[in-house]
Amino acid sequence: MPNIMVEKQGHTTIFTISKPDRLNAIGAADAAELQAALAEFQADPDQYVAVITAAGDKAFCAGADLKDMTANVDSGDYLPISLGPDIAGIAECEKVTIAAVNGLAAGTGTELAISCDIRIAADSAWFSLPEVKRGIIAGVAVNVLPRLMPIGAVMDLMLSGDRLTADEAFRLGLVQRVVPRSELLEKALEKAEAIGKNSQAAVWGTKQILKFWRNALIAEQQRYYEAVVHRVMLSGDVHEGPRAFAEKREPEFRQAWPSAFD
């Protein structure tokens with residue numbers, strides 16, 4: 001059974017992450033599945049808007065699967081470096097994407113939401129970027145979030161790893177609307193329908209121009225991020241953080257700033 005459920009309603013395609021037993025955590029295979037489904041949506045001329053949500057009432061997406069990450073990092077098969085400012089090709093999609101955030105959105109969950117064009121959240125939802133608690137840099141968020149929220153609020157959120165409630169996210173501009181959980185999908189579909197009634201040529205053109213700001217100098221910022229994250233990995237905390245999570249204990253970080261001369 002696929003972990004990404006796809007349903008079409010009129011000109012809207014609904015993508016539902018369906019791993020409620022894992023709080024809808026995203027693994028590499030899930031991201032590939034979502035990316036392939038989005039490519040089909042992009043190629044379908046009868047589909048105008050994508051709504052991305054998740055199964056269950058508790059979680060939109062609890063982030064990357066750190067248990068899998070632990071084994072892959074330790075084996076050297078994988079390092080937690082974002083290849084670009086996007087999750088599963090959502091930001092690259094030329095059609096409109098709406099995140100219907102039904103619950104907690106942690107780490108990759110928040111990054112999945114900010115890869116979308118519009119975010120509607122249930123009143124019980126919350127956001128967090130706890131990567132610093134695991135010795136990791138949130139690669140998509142560190143590049144994109146300062147373009148969506150005030151820089152001080154981004155610093156607070158990303159350096160502390162604290163949570164942001166749905167109402168706080170709305171106040172800071174991360175979320176465009178907060179609604180009761182029972183009305184979330186209905187309101188997301190209403191927004192999608194409103195967009196679908198417009199000239200899709202004009203919608204496409206407007207989105208491309210608006211994305212210019214989102215992507216301005218992003219390639220240069222991505223290269224800088226990659227240089228910094230490799231230095232951070234020299235500390236070894238990237239191994240300790242996911243391992244501590246998998247072992248359900250507090251991490252024991254070196255608390256040493258990475259140096260090229262270590």
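When the stretch 3-33 is examined, which residues are found to be open to solvent by 30 Å² or more (accessible area, probe 1.4 Å), assigned to a loop (DSSP other than H, G, I, E, B) and either modelled with pLDDT of 95 or more or within 15 Å of LEU104 (Cα to Cα) (or both)? Full working, then the answer.
Of the stretch 3-33, the ones open to solvent by 30 Å² or more (accessible area, probe 1.4 Å) are 3, 5-11, 16, 18, 20-23, 28-29, 32-33.
Those still in the list that are assigned to a loop (DSSP other than H, G, I, E, B) too: 3, 10-11, 18, 23.
Scanning the stretch 3-33 gives GLY10, HIS11, SER18, LEU23.
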Working only within the stretch 153-178, note down all residues that are assigned to a helix (DSSP H, G or I), touching a residue at least 24 places away in the same chain (Cβ under 8 Å) and touching a strand residue (DSSP E or B) at 6+ places or on another chain (Cβ under 9 Å). LEU157, ALA166, ASP167, ALA169, PHE170
Where a residue in the stretch 51-77 is open to solvent by less than 20 Å² (accessible area, probe 1.4 Å) and at pLDDT below 95 and its partner, wherever it lies, is part of a helix (DSSP H, G or I) and among the hydrophobic types (A, V, I, L, M, F, W, C), with Cβ under 7 Å and at least six apart: THR70/ALA246; VAL73/VAL238
Among residues belonging to the stretch 245-262 that are out of contact with any Ser or Thr (no Cβ under 9 Å at 6 or more places or on another chain) and at pLDDT 85 or above, point out the one that is most open to solvent (accessible area, probe 1.4 Å). LYS248
Residue hits (the stretch 132-152; surrounded by fewer than 19 Cβ atoms within 10 Å (Cβ to Cβ) and of a type in the set (Gly, Ala, Ser)) are GLY152
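Given the criterion closer than 24 Å to CYS93 by Cβ, in contact (Cβ under 8 Å) with a residue 40 or more places away in the chain and surrounded by fewer than 18 Cβ atoms within 10 Å (Cβ to Cβ), identify the matching residue among ARG214, ARG181. Quick ask: steps written out before the conclusion?
Details: ARG181 fails: closer than 24 Å to CYS93 by Cβ.
Testing whether each residue is closer than 24 Å to CYS93 by Cβ, in contact (Cβ under 8 Å) with a residue 40 or more places away in the chain and surrounded by fewer than 18 Cβ atoms within 10 Å (Cβ to Cβ) leaves just ARG214.
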Mind listing whichever residues of the stretch 98-131 are assigned to a loop (DSSP other than H, G, I, E, B), farther than 14 Å from LEU174 by Cβ and open to solvent by 10 Å² or more (accessible area, probe 1.4 Å)? ASP123, SER124
Looking at the stretch 218-240, can you tell me whether even one residue there is open to solvent by less than 30 Å² (accessible area, probe 1.4 Å), closer than 30 Å to TYR48 by Cβ and in a helix (DSSP H, G or I)? yes
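Do we find that TRP126 is in contact with a Lys or Arg (Cβ under 7 Å, 6 or more places away or on another chain) and not aliphatic (A, V, I, L, M) in this structure? Outline the logic, then answer.
On the way: in contact with a Lys or Arg (Cβ under 7 Å, 6 or more places away or on another chain): yes; not aliphatic (A, V, I, L, M): yes.
It is true that TRP126 is in contact with a Lys or Arg (Cβ under 7 Å, 6 or more places away or on another chain) and not aliphatic (A, V, I, L, M).
The values are calculated or read from the model by the stated rules, or taken from the named source; none is laboratory data. From a predicted model like this one, the values you see are computed outputs, not experimental measurements. Using ideal geometry, Cβ is built from the backbone for each residue, glycine included, and neighbour counts are taken over all protein chains shown. The protein model used for the area step is the full one, side chains on, heavy atoms only, and it has no ligands, DNA or RNA in it. Shrake-Rupley method; radii C 1.70, N 1.55, O 1.52, S 1.80 Å.
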